[in-house]
Amino acid sequence: MTALEDALSAVAVPTLSAVLYARGLRSRFLHGVAAANPAARFAGPAYTVRAIPVREDLREAVAAGRSENLHRRFLSEAPTGAVVVFSTGGAAHVSVLGDIIATAMGRNGVAGFVTDTGVADLPAVARLPLPVFHAGGSAPVPSGAAVLVVDREVAVGIAGVAVFPGDLMVGDASGVVCIPRAIAAEAAAEAAEKERFEAWVVGQVEGGAALDGLYPPDAGTKARYAASTRG
C-alpha cells in the first residue's frame with residue numbers, strides 16, 4: 001500500500017462518506033453493495049471493467065474461440081494493489097467471478113473486487129483473502145447469460161456512483177466509498193481528525209456529559225477538545 005492508501009484504510013467508510021458529504025460530494029457511497037466477508041477491508045485505485053447487455057452472436061464467438069475473452073484477460077491483467085470495479089449496469093442475477101478467479105486475482109496482489117452482480121461459489125469466496133463486494137448474493141448463473149465485457153479503464157457507473165479509473169476505492173464492513181483522487185489525501189486527513197474528535201466525544205459521554213452542545217459541538221466544546229489535543 002502507498003501512504004495514502006494506508007491512511008484511507010485506517011478510517012471507516014461511514015466517516016469518509018460523511019467527510020465527502022460535507023464537501024458537497026453526496027453520491028460517493030455505493031448503495032446495495034455488501035462484503036462477501038464482513039471482515040474484508042481494502043483501499044486502492046480503481047481499475048474499471050465495463051460490461052453491457054449481451055449480444056448472443058458475440059458471446060458465441062467468444063465461446064467458440066473466434067473472439068478474445070476480454071472478461072478473462074481484463075481480470076488477469078488487473079494491476080497489483082488495484083481495486084477491480086466491474087460494472088454491468090446491475091445484472092445482479094448473474095455472477096462475474098467465483099472462487100477460482102478470485103483466488104487468482106488475490107495471488108496476483110489485487111487489493112479488492114467490487115461488482116454490481118452476484119458471486120458464484122459465495123461461501124468459498126467469503127473464505128478467501130481477496131475482499132469481494134457484490135450486489136446479488138449467491139448467483140450461480142454465469143455472466144454470459146446477461147452481459148458481455150467490452151472495455152476497461154473507462155469511466156463507469158456502479159451502484160449509483162460514477163467511478164473513474166484511478167479514483168480511490170475504500171471498503172469495509174459498512175460498504176464501499178469512491179473518492180476522487182484529487183481530494184483523497186485531504187479526505188483521509190479530515191476523516192482521521194473526525195474519528196479522533198468522535199472518540200473524544202464518546203469519552204465525554206461515558207463520563208456523564210450531556211449531548212446538548214457536545215455533539216454537534218458548540219464553541220465551548222470545540223475549545224475543550226482543542227485544549228485536550230494540546231496535552
Completion exercise
Just one listed residue, out of Glu190, Glu186, Glu195, is closer than 18 Å to Thr15 by Cβ and either free of Cβ contacts under 8 Å to residues at least 60 places away in the same chain or in a strand (DSSP E or B) (or both), and it is Glu186
Practice task
Residue by residue through the stretch 75-96, note down the ones that are under 16 Å from the mean Cα position of the chain (by Cα) and not in a loop (DSSP other than H, G, I, E, B).
Solution key: Val83, Val84, Val85, Phe86, Ser87
Handout entry: Positions within the stretch 135-170 being more than 15 Å from Ala46 (Cβ to Cβ), in contact with a helix residue (DSSP H, G or I) (Cβ under 8 Å, 6 or more places away or on another chain) and not small (Gly, Ala, Ser), in sequence order
Key = Leu148, Val149, Val150
Handout entry: In the stretch 39-68, the residues that are farther than 26 Å from Ser138 by Cβ, in contact (Cβ under 8 Å) with a residue 24 or more places away in the chain and basic (Lys, Arg)
Key = Arg55
Handout entry: Filter result for the condition that a residue is in contact with a Pro (Cβ under 6 Å, 6 or more places away or on another chain), of a type outside the set (Asp, Glu) and over 18 Å from Ser95 (Cβ atoms), over Ala182, Ala191, Ala162, Ala173
Key = Ala173
Handout entry: Output for the stretch 129-149, where each listed residue is in contact (Cβ under 8 Å) with a residue 60 or more places away in the chain, of a type in the set (A, V, I, L, M) and within 20 Å of Arg107 (Cβ to Cβ)
Key = Val132
Exercise for the section: State which residue pairs qualify: first residue in a loop (DSSP other than H, G, I, E, B) and inside the stretch 101-115, second residue buried (at least 17 other Cβ atoms within 10 Å of the Cβ) and of a type in the set (D, E, K, R) in any location, beta carbons under 9 Å apart, and separation of 6 or more residues or different chains. Expected result: Ala111/Glu5
Problem - Test result for Leu130, in the same structural domain as Val176 (by TED's automatic domain parsing) and either within 26 Å of Ala3 (Cα to Cα) or outside any strand (DSSP E or B) (or both) - result: yes
Exercise for the section: Would you be able to say whether some residue in the stretch 25-47 is part of a helix (DSSP H, G or I) and closer than 21 Å to Gly171 by Cβ? Expected result: no
Exercise for the section: Search the stretch 1-24 for residues being β-branched (Val, Ile, Thr) and not in a helix (DSSP H, G or I), and hand back the single one that is farthest from the chain's Cα centre (by Cα). Expected result: Thr2
Exercise for the section: Quick one: in the stretch 1-26, of everything that is among the polar types (S, T, N, Q) and in contact with a Phe, Trp or Tyr (Cβ under 9 Å, 6 or more places away or on another chain), which residue is surrounded by the fewest Cβ atoms within 10 Å (Cβ to Cβ)? Expected result: Ser9
Practice task
Report, by residue number, each residue of the stretch 1-38 that is among the basic types (Lys, Arg) and in contact (Cβ under 8 Å) with a residue 40 or more places away in the chain.
Solution key: Arg23, Arg28
Practice task
Go over the candidates Val149, Val154 one by one and state the one that is surrounded by 15 or more Cβ atoms within 10 Å (Cβ to Cβ), under 23 Å from the mean Cα position of the chain (by Cα) and of a type outside the set (Phe, Trp, Tyr).
Solution key: Val149
Practice task
Go over the candidates Val84, Val147, Val141, Val94 one by one and state the one that is assigned by TED's automatic domain parsing to the domain that holds Ala35, among the β-branched types (Val, Ile, Thr) and within 27 Å of Glu5 (Cβ to Cβ).
Solution key: Val84
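The values are calculated or read from the model by the stated rules, or taken from the named source; none is laboratory data. Only a predicted model underlies this, so the values are computations on that prediction, with no experimental measurement involved. Reconstructed Cβ throughout: ideal geometry from the backbone, glycine too, with neighbour counts over all protein chains shown.
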